[in-house]
Every structure is written in C-alpha cells, then in structure tokens.
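Since the structure comes first, as structure tokens, the remarks are kept for the end.
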Amino acid sequence: MKYFFFLFLFAMCFEANAQMLNDSPFVASVASPKFKKGKGPKMLIDAAHHNFIVEMGLIKPLMDVVTSDGYRPTIDSSVFTKPYLDQYKVVVISPAMPFLFGSKPEVTNEITFTDAELNALHNWVLEGGALLMLSEHAPIDKSMTPLFNKFGIQMSSGAIYDSLHYDTSVDLPSNVTILKFTTQNGLLNQDHPITKGENSTEKINNIVTYTGSSLQGEGYANIFELSPSAKMKKWNRGLPANLGNSQGLAGTIGKGKVAAFGDCNGFTAMYIKTNTGQKFSAGMQVQAYDWKQFVLNTFHWLSK
C-alpha cells in the first residue's frame with residue numbers, strides 16, 4: 001500500500017470520492033455548564049476561508065457542545081479586521097483553504113489569509129483575544145502554514161505516523177496513523193490546565209489524533225508530544241516533509257491566548273464513509289477517548 005490507510009481516506013475525501021458526515025448518536029449536552037445559557041463568551045467560528053469543516057456542516061457537533069456549555073457561537077464569513085474581531089472573546093479557525101474543498105487536487109501557492117487579516121488577528125490576540133487554530137495533514141497544512149507562522153508556530157508538510165504509539169484496537173489496514181497521547185505512554189502533558197481540568201472529573205487521560213501535521217513553537221506548552229518513533233509521511237505530490245515535536249500547543253501571546261492543533265478531527269463527531277462502504281468514526285462521540293472533555297477544557301482555558 002503506497003499510503004497509510006487514513007491518509008488515503010482523507011486524500012479521497014479531498015478529491016471528493018468519499019464522504020465525511022456527522023456521526024450519531026452524539027450527546028452534545030454538558031452536565032455542568034460553565035456558563036448560564038446564552039451568557040457565556042461570544043465565539044466566532046470562521047467561515048470566510050473555505051473552512052471545509054464548516055462548509056460541510058461538520059462543525060455542528062462542536063457548536064452544540066459549546067452552546068450547551070453557555071458560549072454564544074456565531075458562524076460568519078466576514079474578512080478579519082480588528083473592529084470585527086473585537087466583537088468576540090474566542091475565535092475558532094478550522095482547516096482553511098484558498099478554494100472549495102475537493103475542487104482541486106492539491107493546494108498551490110494561492111493565498112488563504114491576506115497579510116492584513118493576519119495582522120488584524122495577531123493584534124487582536126495581543127490585546128486579549130483567544131484563538132483556536134485547527135490544521136490537518138498535507139496538503140491542507142500548506143494552506144494553514146502562514147497563519148500558524150504568524151503566531152510563531154512552525155508546521156510540517158506531510159502526514160504523521162508512529163509505529164509504536166498508536167491505537168491497536170482499531171481495525172484498519174494500517175492504524176499506525178491513529179496516534180495515542182495518554183497518561184500511560186507519557187506523551188500527554190499532565191501539567192497543563194487543559195489536561196488537568198478544573199476538577200478530578202475533567203482530567204484528560206486518553207487522546208488520539210488521526211494523522212494530522214506536526215507543530216513546533218518556542219514558548220508554547222507542548223500538550224501532545226510526539227515520540228522519537230514518530231515519523232513524517234511525505235505527501236505524494238512532492239511537498240517537503242519535515243517533523244516538529246508536537247501535535248498540540250498552547251500559550252500566551254501578549255494579553256491573549258493561542259491553542260493550536262495539527263489535527264482537527266477531535267473537535268468533530270464525524271465518520272468517514274468511502275465509496276466502497278467502509279466507515280470510520282472519529283471525534284467527540286468515540287467513547288474510548290476523552291475528546292469531548294478535552295474540547296470543553298480547551299475553551300475553558302482559552303476564555304478564562
């Protein structure tokens with residue numbers, strides 16, 4: 001097999017030969033909401049940059065969870081300016097592209113975010129904004145690189161796999177692309193507020209990512225540390241492969257906060273269905289992992 005199976009699945013989705021759909025059942029309710037209903041921080045879900053998670057409706061489970069937690073999320077497609085961003089406490093940017101997902105076979109040098117938008121976003125964070133950035137493996141990592149670079153985070157070009165720290169319980173032809181970050185294997189940072197939570201019931205113990213890209217950023221806490229056995233799979237269309245030390249970073253920028261992840265699937269509740277009928281679930285609805293609580297903890301840390 002030329003490519004690892006899940007990279008193959010996502011590549012097929014990228015070229016519109018497979019479906020990504022919201023999974024069910026998924027319980028989006030929160031037992032102990034952080035804020036009273038409709039009284040929490042205002043949150044922008046970016047839809048201005050061909051954010052395919054938004055365009056495909058895969059953002060709905062996340063919207064439902066944060067709404068249940070009291071946040072006030074809004075999906076909007078306005079260009080980033082400082083006055084526009086000042087309306088919000090939290091901004092979420094899911095994987096963004098310069099064109100409609102699946103309409104082209106690869107990401108070129110087209111611009112996803114203008115310099116003016118990046119400057120406005122950076123200044124907004126410096127003054128106290130909270131930013132969540134979600135990327136993906138190649139070829140989408142290329143379209144997100146300027147955004148991550150603006151906040152001092154370097155990104156890989158390719159796809160991560162780990163032949164030692166992967167989920168052996170998943171029945172896939174090659175599951176080394178489902179990377180495990182757990183208390184047991186020591187790759188999950190146990191000292192950060194996101195993983196510690198605000199009480200013992202919110203503690204995170206078991207997380208997986210589904211391929212994705214790697215990150216590295218000076219001054220950030222490494223939430224998902226890549227092991228020495230982690231490797232990069234080069235994208236088949238010739239983009240260079242390079243390897244960072246993380247798939248999840250969190251840190252402060254001026255008066256604001258940034259959380260950045262190299263894989264977006266944990267912030268969804270979806271399944272992928274190929275044209276051959278194979279189905280694979282990923283995200284907050286998978287009971288074996290702590291993704292739903294991790295998502296809540298991330299927003300609590302960002303908005304605190």
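If we count every other residue with Cβ under 14 angstrom of M133's Cβ, Lys/Arg +1 and Asp/Glu -1, where does the sum land?
Combined, the nearby Lys, Arg, Asp and Glu give -3.
Quick check: residue separation of K37 and N185 times 0.36 nm, minus the Cα distance between them. What number comes out in nm?
Gain in length upon complete extension: 49.5 nm.
Would you mind checking the radius of gyration and Dmax of the chain based on alpha-carbon positions, in Å?
Reported Rg and Dmax, both Å: 17.7, 51.
Tally Lys/Arg at +1 and Asp/Glu at -1 over every other residue whose Cβ is under 13 Å from the Cβ of L85; what's the total?
Here the count lands on -2.
When ranked by the protection proxy of mean other Cβ atoms within 10 Å per residue, highest first, what sequence do the peptides 57-69, 221-233, 132-144, 26-38 form?
So the peptides 57-69, 221-233, 132-144, 26-38, ranked by packing, come out 132-144, 57-69, 221-233, 26-38.
Can you find, among A221, I45, A31, the residue farthest towards the positive end of the dipole of the chain? Put +1 on the C-beta of Lys and Arg, -1 on that of Asp and Glu.
Towards the positive end, the residue furthest out is A31.
Tell me what the chain gives for mean residue ellipticity at 222 nm when only DSSP H runs of n ≥ 4 count, each as -39,500 (n - 2.57), the sum divided by the residue total, rounded to 500 deg cm²/dmol.
-6000 deg cm²/dmol
At a 1.4 Å probe radius, which order do W291, W301 fall into by accessible area, largest first?
If we order W291, W301 from most to least accessible, we get W301, W291.
If I model a spin label as a point 7 Å beyond the Cα along the Cα-Cβ vector, how far apart are those points for N199 and K279 in nm?
Using points 7 Å along Cα→Cβ, the separation is 3.6 nm.
The values are calculated or read from the model by the stated rules, or taken from the named source; none is laboratory data. Source: prediction; values computed, not measured. Note that we place each Cβ from the backbone using ideal geometry, even for glycine, and neighbour counts take in every protein chain shown. All accessible areas refer to the heavy atoms of the entire protein, side chains included, with ligands and DNA or RNA removed. Shrake-Rupley method; radii C 1.70, N 1.55, O 1.52, S 1.80 Å.
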